[in-house]
Amino acid sequence: MNPFLAIFRSYLRWRHSKGYGVHSPFAYNLVKMAVRPGAPYAYYGYYDIDRALVAENKNGYPRLRKDARLVLRIMATLQSRRLLLHPRRYDSFKAVADALAVPCPNYKDNTLPAPVSGDFLLIHNHLHPASEIASRLGAGTAVMAIEPEPALREALLSFGGNGLTFVGKRIIIAIPNPDMAFVSYEMKL
């Protein structure tokens, strides 16, 4: 990669990581409150996440703790109604649903419940067809993919609806919003 291009992209990531360069008021609020909070907010659910990590003997997984806290902040900011999570995933993410007092319905065989506006779907690796994820975004479901496979990554980046995406090396967050044109921001997540 061209060194100048790498420096320029690093500058853009740094600039967008603090909320600067984000032009939409909805996206700016989301960055400042949830994705990269400037102040050290202490959500009540942090304690529940930490307790779940200790109970699972996963206290030594800082990425898991960071990801669960990110899910908590985004769901609280978006006022999500449900957390859709595969039952094989960690209890620390179920602790997020408990902290926010939202249901976390179980599903099996990769069959998700019917889409409802206000859902938050958390995907680790690739468990669902990319076309199904795109249809959920169209129905108003926010999606966070951790370490997505290339097909899912492409589906999230080109869902074609109104809303925004935050793209990092490990995580992609797609949030539909009918009141704004599609915007994508590259951030350190």
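The values are calculated or read from the model by the stated rules, or taken from the named source; none is laboratory data. Given the structure is predicted, the values throughout are model-derived calculations rather than measurements. When we count neighbours, we look across all protein chains shown, and the Cβ atoms used for this are built from the backbone with ideal geometry, even at glycine. Only protein heavy atoms, including side chains, enter the accessible area calculation; ligands, DNA and RNA are left aside. Shrake-Rupley method; radii C 1.70, N 1.55, O 1.52, S 1.80 Å.
Miscellaneous remarks
- Residues that are open to solvent by less than 90 Å² (accessible area, probe 1.4 Å), of a type in the set (A, V, I, L, M) and either within 20 Å of the chain's Cα centre (by Cα) or modelled with pLDDT of 70 or more (or both) within the range 2-41 comprise Leu5, Ala6, Val22, Ala27, Leu30, Val31, Met33, Ala34, Val35, Ala39, listed in sequence order.
Matching residues to (1) open to solvent by less than 10 Å² (accessible area, probe 1.4 Å); (2) at pLDDT 80 or above; (3) out of contact with any helix residue (DSSP H, G or I) (no Cβ under 6 Å at 6 or more places or on another chain):
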site	(1), (2), (3)
Lys94	no, yes, yes
Ala101	no, yes, yes
Ser117	no, yes, yes
Asn125	no, no, yes
Met144	yes, yes, yes
Glu149	no, yes, yes
Arg153	no, yes, yes
Leu164	yes, yes, no
Gly168	yes, yes, yes
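- If the condition is being part of a loop (DSSP other than H, G, I, E, B) and either at positive phi or without any contact (Cβ under 8 Å) to a residue 24 or more places away in the chain (or both), then the range 64-83 contributes only Gln79.
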